[in-house]
Structures are given as C-alpha cells and as structure tokens.
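**Student:** Dropping a structure here in structure tokens format, bear with me for questions.
The values are calculated or read from the model by the stated rules, or taken from the named source; none is laboratory data. The model shown is predicted, which means the values in this text are computed figures rather than measured ones. Every residue, glycine as well, gets a Cβ built from its backbone with ideal geometry; the counts of neighbours run over all protein chains shown.
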Amino acid sequence: MKELIGKIVHSVLTGQDYRTYVLATINKRFLDKAQKLISEIFEYKRKGNNWLEKLLDDTYKKQGKNNKFKLLWFGGLNDKTVKNMTGGTSAKRVCLDLGKKNIKALQLLLEEFENSEDLYQMIINIEKDKEKISLDYIESLFFMNIISAMKLTIQGGAWSEVGKKTEKGLLFVIFKMINIPDERYILTNEEMKKKGLVKNREIDAIVLNDKNEALTVELKLLGIGNPEIGDEAFSRNVNLFLTDKLTEMMKDEAKNQGITVIEFRQKNPLFKIYEFFSSNGVSCNKPEEMSAEELEKSINKIIREWREEQEDLKIVKKLKEWTK
C-alpha cells in the first residue's frame, strides 16, 4: 500500500492524473476475487443441481467478514443495497433470505424471456485442469450478477480506502517537505472528531502557528469532477483548502470568504503551500528545488518513514493536553 500511496502522492504534487493507480488496484483486486468466486462456483456446479442455493447455505454457515461479502455476492447483492432495502441492517440471516429471494425473482424473470427470439443467449464455460463445466443460460446470467455485485463492492471500497490513506500520506509528505515541526501539526483522526475537538468532521489537519493559533486544513481530491465539494468546504470556513482542481467560480467564492485555495494542478503547488503557512506565522522552510525524479525519491523516502501508528500516538498525547 505504501508503494501505491507514494506513486499517487508524486502524481498529485506534479499535477498528473493519479486515478490510473487506483484503477490498477481495483482491477487487481477484481481479478483476485473473481478467481476465488469462480473456483467455488466450479466446485459446487460439478456436484449437481441446486448448486447456487447450496453455495448460499454453506457460505452462510462460515464465519468471517469475507464470507459475509461472498454471501451477499452469491445472492447478487451488496451491503449498501441490503441496508437500503431493510432500513439499515445487513445481518447474515437477512443477507441469506434476500439473496435467495433475489435469485428466485431473477430466475422467474429470465424464464419469461428464455424462449424469446429477440434475446442473445450467453453460455459460460469454466475450465480447470482439462475439466470443464458449463453453466446454462440462466446460470450464466446468475454468474454475471455475482461478478457484478462483487465488482461494485470492491470498486467503492478501493476508492474510499486509497483515498483516506492517500490524503493522510499526502499531508504528511507536504508537512515534511516544508519542515513543519512534528509538534506543530496534527493529522486529525476519527477519535478527535468523536470527542468534538475538531469543529468539523471533514477537517484533515490542524497546524499551529507561532502564536498557537490553529489553522485548519481540508484536503479533497477529484475536485473538478465533483463541484459540490468546494461549496461544502467553504461552508465550513477552513483556512486552507487543498484540491486537484476547482472551477474559477468556486475559486472566486473562496476568495470572497477569505479561504485560501491551492490546486495541485497549478504550477509548483508545494511552494504555494509553503507561502500560505509562512505568511500565517507557521514555522516552516521553503521546499527544495528538485527534479521530478528527485522529488519521487524524496516522497518515497518520507512515505517509508511514515508510521501512522506514531501519528495516532501523537494525537492521543494532544487529546490528553486539550482535555485536561
């Protein structure tokens, strides 16, 4: 994960599109999960009839988070869909019952159209060590439903996971590269937000200047593809808003509200960040000028040294100081 974060951080700080790295992660996870699901489908299909119902029942009996995900996928569902259908719960028994109902409903629908001349017929064959099993038309569509449900789950999870890790790692790299002392900044975590020590849950970092005044930082990537994030951040009155790109209208709005916006796709964003903190009384140094290759090496070195656990311990220490 650190290698991936390093590549994304380098892409962000040099104004490049970093999304290909996230997509590569999603594709790798998809292939890994697909192989595991296909192997189970292969084994159950070769045992005989009603293989999908038996697969659901056996998966239900297994413990662990991964098996709960499989239970959802074999029923053609995902966690969010189940919670929306039930008003918030996704207990295993509920997943099993809804999965069976979903399969039955899809089966009835497909049987209505099975003999239609207007439909394309799809038959999936799975082969392993020269042994081959064939799924019929309806089973093949069940298979597609299973794989699609899995893809939706890992796709959403990967963007969220990589996003959270990258945002913290990116801020850590920035603060290190402009030499803000460790004791003068905090990368906020959920514990601080739960205790109400951060005015808003979306604030990603707090930096203290020489007068011990707190400067709040919010970081949001994919800004140009999500124009609402600017409005949301501005309503929180953060001091510094970092993003990959914003529209001119939103930048004007931020200026009117006294919020500094720095885009990573503008020229030399790291120097602009240094200028912001320096002009606001934060102890820091001008970033070194370096080539893209030198920058990449420097980022990778910092990321390797990054210990999220140590950052959390620093937060715990601050929590004790602020809650005395």
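**Student:** Right, Ile103: assigned by TED's automatic domain parsing to the domain that holds Asn67, touching an Asp or Glu at 6+ places or on another chain (Cβ under 8 Å) and more than 23 Å from Gln63 (Cα to Cα) or not?
**Tutor:** no
**Student:** Can you tell me which residues in segment 61-87 are hydrophobic (A, V, I, L, M, F, W, C) and closer than 17 Å to Ala34 by Cα?
**Tutor:** Phe69, Leu71, Leu72, Trp73, Phe74, Leu77, listed by residue number.
**Student:** Moving on to the next point. Identify all residues within segment 104-151 that are part of a loop (DSSP other than H, G, I, E, B) and under 30 Å from the mean Cα position of the chain (by Cα); write none if there are none.
**Tutor:** If the condition is that a residue be part of a loop (DSSP other than H, G, I, E, B) and under 30 Å from the mean Cα position of the chain (by Cα), then no residue fits.
**Student:** With segment 1-103 as the region, which helices (runs of 4 or more DSSP H) entirely inside it contain at least 2 residues that are buried (at least 19 other Cβ atoms within 10 Å of the Cβ)?
**Tutor:** Here the list reads 2-13, 19-45, 51-61, 65-74.
**Student:** Are any residues in segment 104-132 touching a residue at least 60 places away in the same chain (Cβ under 8 Å) and surrounded by 15 or more Cβ atoms within 10 Å (Cβ to Cβ), and if so, which ones?
**Tutor:** If the condition is that a residue be touching a residue at least 60 places away in the same chain (Cβ under 8 Å) and surrounded by 15 or more Cβ atoms within 10 Å (Cβ to Cβ), then Ile126 is the only one that fits.
**Student:** Which ones in segment 185-201 are part of a loop (DSSP other than H, G, I, E, B) and either at pLDDT 65 or above or not hydrophobic (A, V, I, L, M, F, W, C) (or both)?
**Tutor:** Passing the criteria: Thr188, Asn189, Lys195, Gly196, Lys199, Asn200, Arg201.
**Student:** Can we say Leu96 is over 30 Å from Leu23 (Cα atoms) and of a type in the set (A, V, I, L, M)?
**Tutor:** In short, yes.
**Student:** Here is a follow-up. Quick test for you: out of Asp204, Asp182, pick the one residue that is among the acidic types (Asp, Glu) and either modelled with pLDDT under 80 or farther than 20 Å from Ile5 by Cα (or both).
**Tutor:** Asp182
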